[in-house]
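Scroll down for the structure; my scribbles are underneath it.
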Amino acid sequence: MSDIYISMSRDARDFLPLHANWFHILLSLVGADQHGYGIMQEVLERTNGSVRLWPATLYGSLKRLISDGLIEESDERPVAELDDARRRYYRLTRLGRTVLDLECARLQEMVRMMQRKRKQEAY
């Protein structure tokens, strides 16, 4: 296979630090499958407009996240009246959830380090 998006890594730590766009996409998929436009809107709303995933960025990232095994296309769909048959829905895989959890822990540790450093400044 010559697909440049194929990754042989299956160790969640190999994905860290996680690219910010990937972090926002994975976070959007916690708790519910979503289609691409829904992911874009959820990220925009959650970040109060400070992060905007443009379609080319989003769909390139989705392709890469699928090939790396962090997300997968979902076969589950909403009722037909609420759905557009052209939409593709995505969900987190077990590996994707593990990577997201590890990235959250890494970011939390960075904040703790910063807080300890600031306390040292106060003295």
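Annotations for the structure displayed:
- Sorted ascending by nearby beta carbons within 10 Å, beginning with the fewest, R112, R64, R87 become R112, R87, R64.
- Among V111, V99, sorting on how many other beta-carbon atoms sit within 10 Å of each Cβ, with the fewest leading, yields V111, V99.
The numbers here are math on the coordinates, done by the rules we state, and not lab data. Values in this document were obtained by computation on a predicted structure and should not be read as measured data. Methodologically, a virtual Cβ is constructed for each residue, glycine included, from the backbone with ideal geometry; neighbour enumeration extends over all protein chains shown.
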